[in-house]
Amino acid sequence: MAIRVNLDVMMAKRKMSLNELSEKVGLTQANLSILKTEKAKAIRFTTLDSICKILNCQPGDILEYVPGSSEAD
């Protein structure tokens, strides 16, 4: 996929566990794990907003476009 998810990096920088983020954002650990492992096909803006508020970061800190890495290339 051409979009890389750096959620694990931001969580490490903020010293926050998946369990703690899950509780604060209001999502299951399973859903956050899917996002963290780049298996998600989409993310709601409300979810991204909540994650950014909790981790005190910008969407670009979590999502990164990587040219040439899509499955269509």
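General remarks:
- Residue count for the stretch 20-73, restricted to those that are acidic (Asp, Glu), farther than 12 Å from VAL5 by Cβ and at pLDDT 95 or above: 3
- Criterion violated by GLU38 - all others in (1) surrounded by fewer than 13 Cβ atoms within 10 Å (Cβ to Cβ); (2) on the phi > 0 side of the Ramachandran plot satisfied: (1)
- Summed over the stretch 1-20, the residues that are more than 16 Å from LEU63 (Cβ to Cβ) and either among the hydrophobic types (A, V, I, L, M, F, W, C) or in contact (Cβ under 8 Å) with a residue 40 or more places away in the chain (or both) give a count of 4.
A quick yes/no check of all residues on (1) assigned to a helix (DSSP H, G or I); (2) exposed (fewer than 15 other Cβ atoms within 10 Å of the Cβ):
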{"position": "ARG4", "(1), (2)": "no, yes"}
{"position": "ALA12", "(1), (2)": "yes, yes"}
{"position": "GLU23", "(1), (2)": "yes, yes"}
{"position": "ALA30", "(1), (2)": "yes, yes"}
{"position": "SER33", "(1), (2)": "yes, no"}
{"position": "ALA42", "(1), (2)": "no, yes"}
{"position": "THR46", "(1), (2)": "yes, yes"}
{"position": "SER50", "(1), (2)": "yes, no"}
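- Tabulated pairs, the stretch 32-45, first farther than 16 Å from VAL66 by Cβ and without any contact (Cβ under 8 Å) to a residue 12 or more places away in the chain, second part of a loop (DSSP other than H, G, I, E, B) and not β-branched (Val, Ile, Thr), C-beta under 9 angstrom, 6+ apart or interchain: ILE34/ALA40; LYS41/MET1
The values are calculated or read from the model by the stated rules, or taken from the named source; none is laboratory data. This structure is a prediction, so every number in the text was calculated from the model and none was measured. Here the Cβ is made from the backbone with ideal geometry for all residues, glycine too, and neighbour counts use every protein chain on show.
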